[in-house]
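The values are calculated or read from the model by the stated rules, or taken from the named source; none is laboratory data. In this text, all values refer to a predicted model and were calculated from it rather than measured experimentally. When we count neighbours, we look across all protein chains shown, and the Cβ atoms used for this are built from the backbone with ideal geometry, even at glycine.
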Amino acid sequence: MTFTQTPAAPIANINQRAVSLCSAGQFADALPLVMPLLEDSTLPDDERADALKIAGACSFALCRWADAEHFWRQCLYLKPDCADVYSNLGALFISLGRLSAAKSTYRQLLSLRPLDANAHLQLGNVLYGLGHRAEAEAAYRQAVTIRPDCAEAHHNHGIVLRELQRPQEAEVAYRHALRGLHGRAELHNNLGIVLMDLGRLAEADAAYRQALTLKPQYPEALNNLGGVLKATQRFAEAELACRLALAIQPEYAEAHLNLGAVLFDLGRVSEAEAAYREALVHRADYAEAYYNLGVALFKQERFAQAEQAYRDAIRCQPGLARAHNNLGCVLRLLERLPEALDAFREALAVLPNLAEAHANIASALTQLRRFAEAENAYRRAVALKPEYGEARFGLAVLLLGLGRFEEGWPLYECRYEQPNFIHRKTREMLNCPQWSGEPLAGKSVLVWQEDGLGDMLQFGRYIPSLKALGAAHIAFACAPALHRLIAGVDGVDAVLEHHGALAQIAKYDCWTSLLSVPLHLRTTADSIPRPARLRIDPALAEYWRPVLDSLPPGRRIGLVWKGNPKHHNDANRSIPSLATLAPLWGVPGLNFVSLQKGQGEDEARNPPLAQPLLDLGTRVGDFADSAAIVAQLALVICVDTSIAHLAASLGKPCWVMLPERDVDWRWMHERDDSPWYPHTLRLFRRERGEDWASSVERVRQACVERFGGAL
């Protein structure tokens with residue numbers, strides 16, 4: 001508090017003695033001295049005002065808040081220009097949490113003393129406490145303009161600038177503050193936070209460590225250090241820092257959250273989940289903890305619980321766009337597409353330029369077969385974030401599925417930019433140029449399989465085209481299951497395993513994926529080359545003929561009901577059980593042959609009694625065997641798997657049962673045939689809400705129409 005002396009007379013002496021007692025901290029003794037003066041109407045206003053000011057100061061020190069306010073207001077009534085009392089009254093209101101009253105008081109003080117740097121500082125503190133960040137920033141700026149060495153004002157200025165998302169200015173403010181407050185650990189910690197915002201991780205690390213040097217038992221700095229260590233992938237150290245913070249302050253919710261994030265990155269997802277739940281024990285409305293919990297639950301495929309976690313995050317913080325977006329992702333996986341779209345749109349209501357939400361809307365609309373809207377959403381995502389590989393790839397496959405190859409093929413090359421795609425690893429691994437459409441005359445070309453077996457059969461049609469462009473030597477590096485069959489394709493000079501091809505990569509002029517060739521040949525829906533001519537080994541045909549001839553008289557129908565379980569969409573594209581196909585056995589004159597490999601082989605070996613089945617899949621060694629068998633069948637019925645491409649390439653009638661969702665672009669959209677295999681392939685698409693039994697029934701009816709009861 002600030003005291004002034006009133007000159008002359010005994011009254012002045014009383015006030016002076018009271019001031020002396022106050023200076024010695026003897027407020028209880030000082031107050032009775034001035035009390036008789038407060039109601040003495042004969043005293044001049046200035047002397048009574050001084051006595052009231054002293055009484056207010058004594059009452060404040062004695063925690064008699066109401067009396068202090070009363071005395072100071074009386075003082076101001078008598079002496080309205082007493083700036084010291086406005087300062088004292090403002091401090092009283094701050095201590096009582098009456099920030100609006102404090103704001104008005106400091107503004108009155110500044111009308112009297114506009115160059116009072118401390119008054120601007122205190123006004124900034126009050127405005128900050130009221131949540132008026134922009135006004136607080138202006139007050140702190142005025143304080144440091146008047147008094148450039150006011151370290152406290154610089155520090156507080158830095159805090160509000162960071163919250164206003166002006167990190168560069170915040171750093172400048174903190175560094176000014178350091179000149180006077182270098183020993184304050186909190187300042188170094190706050191500087192570290194801003195440096196993290198600016199992506200200067202090494203400097204942030206140093207700032208946090210300086211804070212801990214000054215204050216070793218500082219949980220906030222330990223937690224923040226854990227964050228920078230996590231960002232630099234020093235996960236073991238990050239875990240230790242977070243655990244040290246929690247050892248000091250076990251109820252520290254933010255440290256539990258950060259520990260969970262570190263454990264998640266370490267792949268210890270169940271431990272991360274426990275950490276997030278512990279954070280929520282200590283802060284029940286912690287939106288970020290609910291959000292991270294949702295991520296951990298989603299990773300564990302506990303989708304219903306993840307949905308609830310995201311909804312709790314939104315309840316706590318309705319403006320958390322990421323939670324709305326992730327909720328939509330869960331709902332999409334649960335096939336609640338209208339709700340998913342609503343969630344994605346809520347995310348955009350909060351953050352209209354969130355490219356991920358636009359891309360997710362596009363994906364959901366594609367599942368709903370609203371292709372024009374999906375295209376627009378993908379284009380919006382790419383426009384907002386041109387480097388957004390997932391959106392570009394989604395747009396590519398949508399366009400290819402619609403037969404718009406001219407734009408689709410170039411976009412499809414973005415698969416080489418996706419960090420989680422094998423294609424990017426291929427480009428990094430193969431130490432020779434990737435073919436980009438230049439002349440091939442006299443060159444040796446390595447064709448590299450990086451996609452599925454069916455893809456190689458479908459796009460093997462382009463090998464003769466490479467030869468026609470002048471390639472002197474074409475080597476095909478592919479899975480062993482394809483070797484014997486691919487060796488007979490026109491234009492293939494050598495068939496290699498991947499390791500063998502990699503060992504001699506230097507001998508090739510360039511390499512290519514077969515799925516890139518349509519781009520360089522400018523393939524359109526009307527100029528797709530004929531399927532590769534697959535040669536049947538006569539010896540293999542003779543080997544399998546007696547096996548097939550052991551069947552009763554009738555049509556031989558090949559069956560495949562499951563694909564590779566490692567395929568990203570296998571849960572949708574594979575039929576759960578052989579028993580689902582039972583209605584086909586009701587069509588007279590048909591004999592069924594299993595071509596099933598891998599999952600499903602056990603069912604093929606032990607079919608239901610009502611479904612007699614010749615199991616050949618378990619005896620098949622490779623695609624050359626499969627081709628020799630398929631060539632002797634009347635029809636192949638299968639799900640979306642490589643056998644469909646084999647049968648259709650051989651010119652054998654093939655009926656493919658497609659899943660309800662995530663249909664591969666190679667089968668196009670909204671059609672029951674394929675320009676890739678005209679006249680041989682027929683598609684049976686599941687409609688929305690249908691089960692596999694509906695598709696099987698349509699296939700059964702088609703069998704009746706095609707074969708009737710004829711042998």
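When you check residue 645 against the structure, is it in contact with a Gly (Cβ under 8 Å, 6 or more places away or on another chain), in the same structural domain as residue 556 (by TED's automatic domain parsing) and under 24 Å from residue 545 (Cβ atoms), yes or no?
yes
Just one of the listed residues (96, 198, 191) is closer than 30 Å to residue 72 by Cα and either in contact with a Phe, Trp or Tyr (Cβ under 8 Å, 6 or more places away or on another chain) or at pLDDT 95 or above (or both), and it is 96.
A quick yes/no check of all residues on (1) modelled with pLDDT under 95; (2) assigned by TED's automatic domain parsing to the domain that holds residue 625; (3) closer than 30 Å to residue 618 by Cβ:
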position	(1), (2), (3)
419	yes, no, no
422	yes, no, yes
443	no, no, no
447	no, no, no
471	no, no, no
483	no, no, yes
511	no, no, no
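Yes/no matrix, rows are residues, columns are (1) hydroxyl-bearing (Ser, Thr, Tyr); (2) surrounded by fewer than 17 Cβ atoms within 10 Å (Cβ to Cβ); (3) more than 26 Å from residue 199 (Cβ to Cβ):
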residue	(1), (2), (3)
85	no, no, yes
88	no, no, yes
109	no, no, yes
121	no, no, yes
132	no, no, yes
149	no, yes, yes
157	no, no, no
168	no, yes, no
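When 169, 237 are screened for being within 30 Å of residue 110 (Cα to Cα) and out of contact with any Ser or Thr (no Cβ under 7 Å at 6 or more places or on another chain), only 169 passes.
Just one residue in the set 649, 594 is polar (S, T, N, Q), surrounded by 21 or more Cβ atoms within 10 Å (Cβ to Cβ) and closer than 18 Å to residue 675 by Cα; that residue is 649.
Please work out if residue 428 is closer than 27 Å to residue 667 by Cβ and at pLDDT below 95. It is false that residue 428 is closer than 27 Å to residue 667 by Cβ and at pLDDT below 95. Taking only the range 47-93 into account, find how many residues are touching a residue at least 24 places away in the same chain (Cβ under 8 Å), outside any helix (DSSP H, G or I) and either small (Gly, Ala, Ser) or farther than 23 Å from residue 115 by Cβ (or both). Summing the residues that are touching a residue at least 24 places away in the same chain (Cβ under 8 Å), outside any helix (DSSP H, G or I) and either small (Gly, Ala, Ser) or farther than 23 Å from residue 115 by Cβ (or both) in the range 47-93 gives 1.
The helices (runs of 4 or more DSSP H) falling completely within the range 588-681 that include 1 or more residues that are touching a residue at least 40 places away in the same chain (Cβ under 8 Å) and small (Gly, Ala, Ser) map to 623-630, 642-649.
Only one of the numbered conditions (1) buried (at least 17 other Cβ atoms within 10 Å of the Cβ); (2) more than 16 Å from residue 221 (Cβ to Cβ) is not met by residue 192, and that is (2). Every condition in (1) in contact with a helix residue (DSSP H, G or I) (Cβ under 6 Å, 6 or more places away or on another chain); (2) surrounded by fewer than 18 Cβ atoms within 10 Å (Cβ to Cβ) is met by residue 480 except one, and the failing one is (1). Among the criteria (1) over 29 Å from residue 666 (Cβ atoms); (2) touching a helix residue (DSSP H, G or I) at 6+ places or on another chain (Cβ under 8 Å), the one residue 366 does not fulfil is (1).
Among the residues of the range 344-365, the one identified as within 16 Å of residue 401 (Cβ to Cβ) and in contact with a Leu (Cβ under 6 Å, 6 or more places away or on another chain) is 364.
Within the range 499-508, not a single residue is within 22 Å of residue 680 (Cα to Cα), touching a helix residue (DSSP H, G or I) at 6+ places or on another chain (Cβ under 9 Å) and either touching a residue at least 40 places away in the same chain (Cβ under 8 Å) or surrounded by fewer than 17 Cβ atoms within 10 Å (Cβ to Cβ) (or both). Out of all the residues in the range 43-58, is one or more within 30 Å of residue 177 (Cα to Cα), surrounded by fewer than 24 Cβ atoms within 10 Å (Cβ to Cβ) and either at pLDDT below 90 or within 57 Å of the chain's Cα centre (by Cα) (or both)? No, the range 43-58 has no match at all.
Consider residue 515 carefully, then state whether it is buried (at least 17 other Cβ atoms within 10 Å of the Cβ), of a type in the set (A, V, I, L, M) and in contact (Cβ under 8 Å) with a residue 40 or more places away in the chain. Judged against the criteria, residue 515 is a match. Has the range 694-708 got at least one residue that is under 35 Å from the mean Cα position of the chain (by Cα), among the aliphatic types (A, V, I, L, M) and either crowded, with 18+ Cβ neighbours inside 10 Å or closer than 16 Å to residue 369 by Cα (or both)? The answer is no, given that none of the residues of the range 694-708 is under 35 Å from the mean Cα position of the chain (by Cα), among the aliphatic types (A, V, I, L, M) and either crowded, with 18+ Cβ neighbours inside 10 Å or closer than 16 Å to residue 369 by Cα (or both). In the set 113, 162, 147, 179, only one residue is of a type in the set (Lys, Arg) and closer than 23 Å to residue 229 by Cα; that residue is 162.
Here is the figure for the range 543-571: residues that are in contact (Cβ under 8 Å) with a residue 12 or more places away in the chain, loosely packed, with under 14 Cβ neighbours inside 10 Å and closer than 24 Å to residue 704 by Cα total 3.
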